Amino acid sequence: MSLYLVTGGAGFIGSHLTQALLQRGEQVRVVDNFSTGKRDNVPAGVEVIEGDLADDGVAARAAAGCDYVLHEAAIPSVPRSVKDPLGTHRANVDGTMQMLVAARDAGVKRVVFAGSSSTYGNSAVLPKREDMRPAPITPYALQKHVGEQYCQLFTSLYGLETVTTRYFNVFGPRQAPDSPYSGVISLFIKAVLAGQAPLIHGDGRQTRDFTYVANVVDGVLRAATAEAVAGEIINVATGGRISLLELARSLQLIIGTDIAPTFGPAREGDVKDSQADIFKARKLLGYEPTVPFEEGLRHTVAWFKAG
Ligand code: UD1
């Protein structure tokens, strides 16, 4: 049994990781500032440290005695970073830096960092491969890129094992639709279940590699313990690409409604197309996405309906 620190463990992805670790018989500690995370997301019996990783001393307290760190804590929103570059920098860069220093000092075996597909920017080449040149076009994308670069530096300079798993538009149960900055799938489900039209920013032809959260959990847990991956950056996604128009249509079919979406102006800093090449994850992690998009969407709708 190992002790895992899940930062942002009360949030969407962090809480799924926590649950999966407990199911595997591992021990989990969560650190969260509850800015977007919720106490109800943390299973009973899990040790919780309430604090902001960007504040001095919090990361050190959280990392003490841990074998692995899964660093999920972040303000994960492109538009929010455009609006608030300073606040998101503090959470996404300062928090990560504090976490890396603390993990190094605590002798942690490995840190797995939640990277982002936004790092690829708007280059036309698809699918996105990890050896492509990063081209961030928003503060969020740059902050996540800085985080992964710091991870690699800590590996080469201090010998701290790190792996960055680059996520591609993760969705699933517990993704909160309670802010205009929430992930599009949670917002669309909330709207359609309330009998309202989903709002599409732009023409809806933009595409995303929407990834069901169980696939991400599998990829991250593999990244924590796989051999010979220190310093690597690895896409964790499905390898597909769905337009927002298709997403809206699939949701109407699953929910059994027929509400036409409404259209608004395209979002500032929005990437046109995003699709992962997952060859590297397959090769280095033995990863294979097991829950396809439609199935994940059905699970997610069912969860929203039950809530
Ligand atoms: C980006 C990253 C993703 C990261 C996420 C964190 C890319 C390609 N992806 O996702 O890796 O994890 O940030 O938040 O950069 N939209 C609507 N209506 C809405 C809300 C959104 O049409 O009500 C549109 C957006 O304009 C966008 C798409 O849906 O085109 C997805 O938006 P969102 O869910 O916010 O995620 P990204 O910004 O794509």
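The values are calculated or read from the model by the stated rules, or taken from the named source; none is laboratory data. Keep in mind that this is a model prediction, so the values were computed, not measured. Cβ placement follows ideal geometry from the backbone for every residue including glycine, while neighbour counts extend to all protein chains displayed. Note: accessible area is taken over every heavy atom of the protein model, side chains too, but ligands, DNA and RNA are not part of it. Shrake-Rupley method; radii C 1.70, N 1.55, O 1.52, S 1.80 Å.
Just a yes or no: is a residue in region 225-237 polar (S, T, N, Q) and either within 30 Å of GLY286 (Cβ to Cβ) or in contact with a strand residue (DSSP E or B) (Cβ under 7 Å, 6 or more places away or on another chain) (or both)? Yes: one or more hits. Just one of the listed residues (THR300, THR290) is touching a helix residue (DSSP H, G or I) at 6+ places or on another chain (Cβ under 8 Å), open to solvent by 20 Å² or more (accessible area, probe 1.4 Å) and either modelled with pLDDT under 95 or not aromatic (Phe, Trp, Tyr) (or both), and it is THR290.
Among the residues of region 249-274, the ones that are in contact (Cβ under 8 Å) with a residue 24 or more places away in the chain and either under 18 Å from PRO292 (Cα atoms) or more than 21 Å from the chain's Cα centre (by Cα) (or both) come to 15 in all. Applying the criterion of being open to solvent by less than 20 Å² (accessible area, probe 1.4 Å) and among the polar types (S, T, N, Q) to the residues of region 164-181, the residue that is nearest to GLU294 (Cα to Cα) is THR165.
Does at least one position in region 183-193 carry a residue that is open to solvent by less than 40 Å² (accessible area, probe 1.4 Å), at positive phi and either within 7 Å of the ligand (Cβ to nearest atom) or among the aliphatic types (A, V, I, L, M) (or both)? There is no residue in region 183-193 that is open to solvent by less than 40 Å² (accessible area, probe 1.4 Å), at positive phi and either within 7 Å of the ligand (Cβ to nearest atom) or among the aliphatic types (A, V, I, L, M) (or both).
Among the residues of region 69-99, the ones that are open to solvent by less than 30 Å² (accessible area, probe 1.4 Å) and away from the ligand (no atom under 16 Å from the Cβ) come to 2 in all.
With a requirement of 1 or more residues that are touching a residue at least 60 places away in the same chain (Cβ under 8 Å) and under 14 Å from ALA114 (Cα atoms), the strands (runs of 3 or more DSSP E) lying completely within region 146-248 that satisfy it span 162-167, 232-236. Residues that are under 12 Å from ASN235 (Cα atoms) and of a type in the set (Ser, Thr, Tyr) do not occur anywhere in region 292-307. Every condition in (1) open to solvent by less than 30 Å² (accessible area, probe 1.4 Å); (2) among the β-branched types (Val, Ile, Thr); (3) more than 22 Å from TYR167 (Cα to Cα) holds for THR7 except the one numbered (3). Within region 249-272, the set of residues being under 29 Å from LYS83 (Cα atoms) and either open to solvent by less than 50 Å² (accessible area, probe 1.4 Å) or near the ligand (Cβ under 8 Å from one of its atoms) (or both) comprises PRO261, GLY264, ALA266, ARG267, GLY269, ASP270, VAL271.
Among residues of region 13-34 that are at negative phi and assigned to a loop (DSSP other than H, G, I, E, B), those with a Cβ under 7 angstrom from a residue that is at pLDDT below 95 and of a type in the set (A, V, I, L, M), sequence gap 6+ or separate chain, pair up as GLU26/MET1.
Scanning region 85-95 turns up at least one residue that is free of Cβ contacts under 8 Å to residues at least 40 places away in the same chain and over 18 Å from the mean Cα position of the chain (by Cα). When we screen GLU227, GLU148, GLU161 for residues that are of a type outside the set (S, T, N, Q) and surrounded by fewer than 18 Cβ atoms within 10 Å (Cβ to Cβ), the only hit is GLU227.
Is it true that ASP270 is modelled with pLDDT of 95 or more, under 24 Å from PRO180 (Cα atoms) and charged (D, E, K, R)? Judged against the criteria, ASP270 is a match. Taken over region 275-307, the criterion of being under 27 Å from LEU193 (Cα atoms), touching a residue at least 60 places away in the same chain (Cβ under 8 Å) and not acidic (Asp, Glu) is satisfied by THR290, VAL291, PRO292, PHE293, GLY296, LEU297, HIS299, THR300, VAL301, TRP303, PHE304, LYS305.
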